[in-house]
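Structure, as structure tokens:
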Amino acid sequence: MPDNVIETRHLAKSFETIEAVADLNLEVRRGEMFSLVGPDGAGKSTALRMLCGLVKPTGGSATVLGRDLVSGLRYIKQKVGYFSQQFTLYGDLSVDENIQFFAEIHDVPNFKARREELLQFTRLTPFRKRLAEQLSGGMKQKLALACTLVHTPEIILLDEPTTGVDPVSRRDFWVILSDLLKQGTTILLTTPYLDEAERSSRVGMINQGRLLVADTPKNIKNLMKGAVIEIVAPEIRRVRDIVRRVPGADVQMFGDRLNVVVPDLEPDSARIRGCLVEAGIDVTSWRVTPPSLENVFISLLEKGV
């Protein structure tokens, strides 16, 4: 039986007339990386804030490391690290001083040894004397993670940790997360990037505070029935409008290209090609592509699952 370190049962949170989280049933296993994805306002951040005790639930229940979220909150706070979207670093303190500050908040004994470990782990040792306000966006995220890890939590909750940083810093951050997994740390994170979510052990897709599906990325992609055709062409919005009129075609637009999900590849492809030829559309690129998490998520949202 899986060793669940986080379990929620019908967890809910309302803010006056706004239902941020409704009937959330979630299980996170020890030592895994679980990504929670969903549109803005889906309840991802509120769910994390409840699990670390910053927000009190208005319904349902949850356990973290076997302790009740309400009665065992003091214990949970000692074992969980929380990285918020607006993690507060002190700009007029150096990298060293920020880590020391959070170590003292958490009553970390011999914090200097722990700080050396974290500086090396996050590759911030050369910048230890630099003021936080003088760090790049990626370095600030690494420093915020170091502060989150200073008390050696068993679980870390990360709320969109790589939003707003450059691609190289995103990659470095994920290398650090992979190293944490090897050390046995459990990671629950939210991300708007579905390519990042694919690196996780399991993914939970959430909308309107409810979990639509939770499984491995491979199993979630297998939920997509039919085939996915990627089309690149001039006047892509016109192409979208034409293809939408083909019976059975589910059209998803991604910038300068379309993904068209069809139930039966050969006859549906012939119908779509025929419509585009009739409209005088010269297709730049046409290929059958494996379904992505994004394809599945958009499909689930459109079906109102």
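Within region 183-213, restricting attention to residues that are basic (Lys, Arg) and more than 17 Å from Glu160 (Cβ to Cβ), which residue is modelled with the lowest pLDDT? Spell out how you get there, then give the answer.
Within region 183-213, the first condition is being basic (Lys, Arg), and the residues that meet it are 199, 202, 210.
Restricting the remaining residues to those that are more than 17 Å from Glu160 (Cβ to Cβ) gives 202, 210.
Details: Arg202: 96, Arg210: 89.
Looking at the filtered set, the residue picked out is Arg210.
Please pick out the residue among Met50, Met33 that is crowded, with 17+ Cβ neighbours inside 10 Å, of a type outside the set (Ser, Thr, Tyr), in contact with a Pro (Cβ under 7 Å, 6 or more places away or on another chain) and in the same structural domain as Gln86 (by TED's automatic domain parsing). Please lay out each step first, then the result.
On the way: Met33 fails: in contact with a Pro (Cβ under 7 Å, 6 or more places away or on another chain).
Just a single option satisfies the conditions, and that option is Met50.
State which residue is nearest to Asp159 (Cα to Cα) when the search covers only region 1-45 and only residues that are β-branched (Val, Ile, Thr) and touching a residue at least 60 places away in the same chain (Cβ under 8 Å). Steps first, please.
Let us first name the residues in region 1-45 that are β-branched (Val, Ile, Thr), namely 5-6, 8, 17-18, 21, 28, 37.
Retained after the next criterion (residues that are touching a residue at least 60 places away in the same chain (Cβ under 8 Å)): 5-6, 21, 28, 37.
Working: Val5: 18, Ile6: 16, Val21: 16, Val28: 16, Val37: 11 Å.
Ranking the candidates gives Val37 first.
Out of the helices (runs of 4 or more DSSP H) lying entirely within region 191-305, which hold 1 or more residues that are among the β-branched types (Val, Ile, Thr) and touching a residue at least 24 places away in the same chain (Cβ under 8 Å)? If you could, list the steps in order and put the result at the bottom.
Numbers: elements: 194-197, 217-221, 236-243, 265-278, 293-303.
Because the criterion is at least 1 residues that are among the β-branched types (Val, Ile, Thr) and touching a residue at least 24 places away in the same chain (Cβ under 8 Å), the helices (runs of 4 or more DSSP H) in region 191-305 that meet it are 217-221, 236-243, 265-278, 293-303.
Is there any pair linking a residue in region 63-87 that is more than 13 Å from Thr148 (Cβ to Cβ) to one that is aromatic (Phe, Trp, Tyr), with Cβ under 8 Å and at least six apart or on different chains, and which?
Going by the 8 Å Cβ cut-off, the qualifying pairs are Leu65/Tyr75; Arg67/Tyr75.
Need the failing condition index for Met205 against (1) closer than 28 Å to Asn4 by Cα; (2) surrounded by 16 or more Cβ atoms within 10 Å (Cβ to Cβ); (3) more than 15 Å from the chain's Cα centre (by Cα), just the number.
Failing condition for Met205: (3).
Considering region 3-30 alone, what residues qualify as being among the hydrophobic types (A, V, I, L, M, F, W, C) and surrounded by 15 or more Cβ atoms within 10 Å (Cβ to Cβ)?
Within region 3-30, the first condition is being among the hydrophobic types (A, V, I, L, M, F, W, C), and the residues that meet it are 5-6, 11-12, 15, 18, 20-22, 24, 26, 28.
Hits for region 3-30 are Val5, Ile6, Leu11, Ala12, Ala20, Val21, Ala22, Leu24, Leu26, Val28.
For region 129-164, how many residues meet the condition of being of a type outside the set (Lys, Arg), more than 9 Å from Phe83 (Cα to Cα) and not in a helix (DSSP H, G or I)?
12
In the list Ala20, Ala42, which residue meets the criterion of being among the aliphatic types (A, V, I, L, M) and touching a helix residue (DSSP H, G or I) at 6+ places or on another chain (Cβ under 6 Å)?
On the way: Ala42 fails: touching a helix residue (DSSP H, G or I) at 6+ places or on another chain (Cβ under 6 Å).
Going through Ala20, Ala42 in turn, just one is among the aliphatic types (A, V, I, L, M) and touching a helix residue (DSSP H, G or I) at 6+ places or on another chain (Cβ under 6 Å): Ala20.
Out of Glu133, Glu116, Glu154, report the one residue that is among the acidic types (Asp, Glu) and free of Cβ contacts under 8 Å to residues at least 40 places away in the same chain. Talk me through it step by step, then tell me what you get.
Numbers: Glu133 fails: free of Cβ contacts under 8 Å to residues at least 40 places away in the same chain; Glu154 fails: free of Cβ contacts under 8 Å to residues at least 40 places away in the same chain.
Checking each option against the conditions leaves just Glu116.
Restricting to region 254-273, count the residues that are closer than 25 Å to Asn222 by Cβ, surrounded by fewer than 16 Cβ atoms within 10 Å (Cβ to Cβ) and not charged (D, E, K, R).
So the count comes out to 4.
Could you check region 105-126 and list, in sequence order, the residues that are surrounded by 20 or more Cβ atoms within 10 Å (Cβ to Cβ), touching a Lys or Arg at 6+ places or on another chain (Cβ under 9 Å) and not basic (Lys, Arg)?
Hits for region 105-126 are Leu119, Thr122, Leu124.
Does region 135-170 hold any residues that are among the basic types (Lys, Arg) and closer than 15 Å to Phe121 by Cα, and which are they?
As a first pass, look at region 135-170 and keep what is among the basic types (Lys, Arg): 140, 142, 170.
Listed by number, the residues that qualify are Lys140, Lys142.
The values are calculated or read from the model by the stated rules, or taken from the named source; none is laboratory data. Small disclaimer: the values here were computed from a predicted structure and weren't measured. Glycine also receives a Cβ, built like all others from the backbone with ideal geometry; neighbour counts cover every protein chain displayed.
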